[in-house]
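Only the coordinates and a few stated rules stand behind these numbers; no lab work does. In this text, all values refer to a predicted model and were calculated from it rather than measured experimentally. Ideal geometry is used to build each Cβ from the backbone, glycine not excepted, and the neighbour counts take in all protein chains shown.
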Amino acid sequence: MRGILMDTVVRHEQARPGYPPGDLAIWIFILAELLVFAIFFAAYAFARSGQAELFNHYQATLNRDTALFNTLALLTSSYFVVRGVVAAREGNNALCARWLWAAVAMGGLFLVIKASEYADHFAAGVSLSSNTFYMFYLSLTFFHFMHVILGMVILAAVAVKAGRDGYSPDDHTGVETGASYWHMVDMVWLILFPLVYVMR
Amino acid sequence: MSTKTNIIQPNRQLIRPCTVVYGVLVVLTLVTWSIGRAGLGGLWVSLLVLGFALFKAQLVGDWFMGLRDIRGIWRWVVVIWLAVPGSLITLAFAFSHGG
Amino acid sequence: MQYQSQAVAKPYFIAAIGLFVGQILFGLILGLQYVIGDFMFPEIPFNVARMVHTNLLIVWLLFGFMGAAYYLVPEEAERELFSPGLAILMFWIFLVAGALTILGYLLVPYSGLAELTQNSVLPTMGREFLEQPTITKLGIVVVALAFLFNIGMTILKGRKTAVSLVLLIGLLGLAVMFLFSFYNPDNLAKDKYYWWWVVHLWVEGVWELILGSILAFVLIKTTGVDREVIEKWLYVIIAMTLITGIIGTGHHYYWIGAPEYWQWWGSIFSALEPIPFFMMTVFAFNMVNRRRRNHPNKAAVLWAMGTAVMAFLGAGVWGFLHTLAPINYYTHGTQITAAHGHMAFYGAYVMIVLTMISYAMPMLRGRTAAPSNRSQVVEMWSFWLMTVSIVFITLFLTGAGILQVYLQRYSGDPLPFMVVQDKIAMFYWMREVAGAVFMVGLIAYVASFFVGSRDPEATAVAGDSAAA
């Protein structure tokens, strides 16, 4: 019994791939992007430690509720993408496309909410030069905003190809490539949200 | 046909844990948001919130990205990445609160 | 050579090498003027020598890029060049205009040149690297447009590959960014702000696309690795280049009166500019390790490898050294900048042009793939002589720069500029010696085209010709 168990464990170990899902090139890109965000986060934290009161004061002016909805939108879209990948692995292109379009729609919701937040800030006269907190808040969130747009473009391209029955259980690297990038965009926001909106 | 079912089976099995993970992510997000709403602050609360965030990101890496099933260095790529901003942010907050 | 019209690249390459020799000659004069201030004065004052040294560099690199494009694009597009005649005509216009401009610098005082060329009608002269008279700038635009038209039509009518498209985007960006050299606001802060759109967005933006595509082309040809693999890397590298390079412009905006947030944006994004260069190094070595044939032109492969390494060191590492705002506060405009400039220009752009020349010249001279063994030996000697001496030039200038920063700006008792210059003269002398060795390397490089030119062609090592 124990022997059989060991045997399956070993076989499972051998079956595990040495590379992450998706194209290796996108992972090199993801690593580079993660490095940018890591440096940005650290810069925020250290700039904050010098002027904590200013940061706490202006952090209180942010709309935490819209940020909550945005977090939920990204989490949900990431979950949809997982379902899309599973559908692609099963060879169900139509289902895969539907899940991916749903994820793109969630990304769109994120953009709309974030844009309304920006509109409020700009109406209040906030700019990059207002103070260090707003400089970081606007820079970080806008940089992430651009990544959401890029991620949506990638997901849409994959969804279009899936809609044309372009993937198969043996060949769906494209879906995993787009999915990996999108999860990265989600993951970065999971750090950004508490760091900028909550931690004080 | 039998080989195909072999491929499909583990994928089907992926949905349920990912749904659970999704639920955990939503709950932790709501907790984080409530802490912010309650206006709680200070070093330990901040580090708790940061801990939630790192854990959530780790869940996304392991389950959504699927790194759980990878061998070698790529298995740990998100963990290693999280250690960088995680430790630097901790350090910076310790500075600002510890003085 | 697969297409007859690729032959137009040859005069471009020869002109590039000729002007390269001129650039190094003026570099030696200039280096000596650092320690013997009145050397060749009043015939060639320091400011003129410097202008000629830098302008010649830019012009010969442009000749090299154009030659590279004329060679590369027909092969990628799988058709003859749209108009070889236009390419030759533009060659002569560019060469004559370039020569007249350099002669103008040397023979007429700069203010007299401005008057002579009617600079007052549309004032664009007098800014570092953009010293050319307005009429020369217009000439550059005409040549660039005709060149782009020629290349663009060839690509449009032929096969479109990632390599040729990236090259085209790079060349298009080069032309578009140059238009900002005509915008010369009176406000000095604004002037500098847009001046960097030419200078920075050239060398840390669109030129890197040109570099990437030429490197990809040469690697496809010499390693036999699948085009898809190489193109994928190319895409990732240029995406990173553009993200870090465009926002990285901010590292020039720290102290010129631009808003303060540039200190953050510039620091963060330019700190990441080494990444695409590092990727390029990994990429080049990876491709050569996965090669499916041993190309007989070993010298060309050596240049390609050298580009990948030296671009990372010169542009990446030496750029990073002084790119963070708190560090740049002290190092701005010191010999650290000169150190970075020398290794970055050599490692990235000089070497990629020489890579392309090395790869293409044998075919342009009627061989099938490679020069003779003897010729390659001399060329590889020139590679090592020039590369090692540029490393030493960079190290000596870095030493000079560190000492300069300390004595002039950091110590408790800062010394005046000229006093410090005297104290770091030793480094300038050593730099000049390294420069003389560089010249020897360059002479060897030129000689490699004449040595063994009647010998039989070099062949690949036996047993490795599986894909040849």
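Relative to the dominant Cα principal axis of chain B, helix B:2-37 is inclined by about 20°. Within region C:22-86, the GluC sites (Glu not before Pro) that combine a DSSP coil assignment with at most 14 other C-beta atoms in a 10 angstrom radius are C:43, C:78. Inter-part distance, region A:85-131 to region C:130-150, computed on C-alpha centroids, equals 44 Å.
Seen from all sides and averaged, what is the projected area of the convex hull of the Cα atoms in chain A, in nm²?
Values: hull surface 56.4 nm².
Reported value for the Cα convex hull: 14.1 nm².
Normalising by the residue count of chain C, find the relative contact order in percent from Cα pairs under 8 Å and 6+ residues apart. Don't jump to the answer; show the numbers that get you there.
Numbers: 690 pairs, mean separation 68.0, N = 468.
Here the relative contact order equals 15 percent.
In sequence order, region A:156-165 has phi-based couplings of 4, 4, 5, 4, 4, 5, 5, x, 8, 6 Hz under the Karplus curve 6.51 cos²θ - 1.76 cosθ + 1.60, θ = phi - 60°, and Gly or Pro positions carry x.
Based on a Kirkwood Rh over C-alpha pairs, give the Stokes-Einstein translational diffusion coefficient of chain C at 10 °C and viscosity 1.306 mPa s in µm²/s.
Values: Rh = 22.9 Å.
Translational diffusion coefficient: 69 µm²/s.
Non-local amide H neighbours of residue C:457 (under 5 Å, H modeled in plane, Pro and chain starts lacking H): which ones? Hits under the 5 Å cutoff: none.
Need the full-extension length gain, residue C:176 to residue C:41, defined as separation in residues times 0.36 nm minus the C-alpha distance. One decimal, nm. Can you show the working numbers first?
Working: separation 135, 0.36 × 135 = 48.60 nm, distance 3.81 nm.
Contour length minus the Cα-Cα distance gives 44.8 nm.
Mean projection of the Cα convex hull over all viewing directions, computed for region B:2-98: 7.4 nm².
Here the Karplus relation 6.51 cos²θ - 1.76 cosθ + 1.60, evaluated at θ = phi - 60°, turns the backbone of region A:75-85 into coupling constants of 4, 5, 4, 4, 5, 4, 5, 4, 5, x, 5 Hz, with x for every Gly and Pro. For region C:154-189, the set of trypsin sites (Lys or Arg not before Pro) satisfying both a DSSP loop assignment and a count of at most 13 other C-beta atoms within 10 Å is given as C:159, C:160.
If you take the square roots of the eigenvalues of the alpha-carbon gyration tensor of the protein assembly as shown and sort them as a ≥ b ≥ c, do you get rounded (a/c under 1.5), prolate (a/b over b/c) or oblate?
Numbers: a/c = 2.01, a/b = 1.37, b/c = 1.46.
Oblate, since a/c reaches 1.5 and b/c is not below a/b.
Its residue count N sets the reference 2.2 N^0.38 Å, and the alpha-carbon radius of gyration of region C:9-134 equals 1.23 times that reference. Per the Debye calculation on region C:332-468 with a single equal scatterer at every Cα and no solvent contribution, log₁₀ I(q)/I(0) for q = 0.13, 0.14 Å⁻¹ amounts to -0.67, -0.73. In loop segments of region A:110-175 as defined by DSSP, the trypsin sites (Lys or Arg not before Pro) with at most 15 further C-beta atoms inside 10 Å of their C-beta are A:164.
Just the projected area, averaged over all directions, of the convex hull on the alpha carbon atoms of region C:78-215: how many nm²? It would help to have the intermediate numbers written out before the result.
On the way: hull surface 36.8 nm².
For the Cα atoms of region C:78-215, the hull's average projected area reads 9.2 nm².
Just give me a number: lysine pairs in chain C, eight or more positions apart or cross-chain, with C-alpha atoms less than 26 Å apart. Within chain C, the lysine pair count is 14. Couplings for region C:434-446, taken from phi via the Karplus curve 6.51 cos²θ - 1.76 cosθ + 1.60 with θ = phi - 60°, read 4, x, 5, 5, 4, 4, 4, x, 5, 4, 4, 4, 4 Hz in order; Gly and Pro are left as x.
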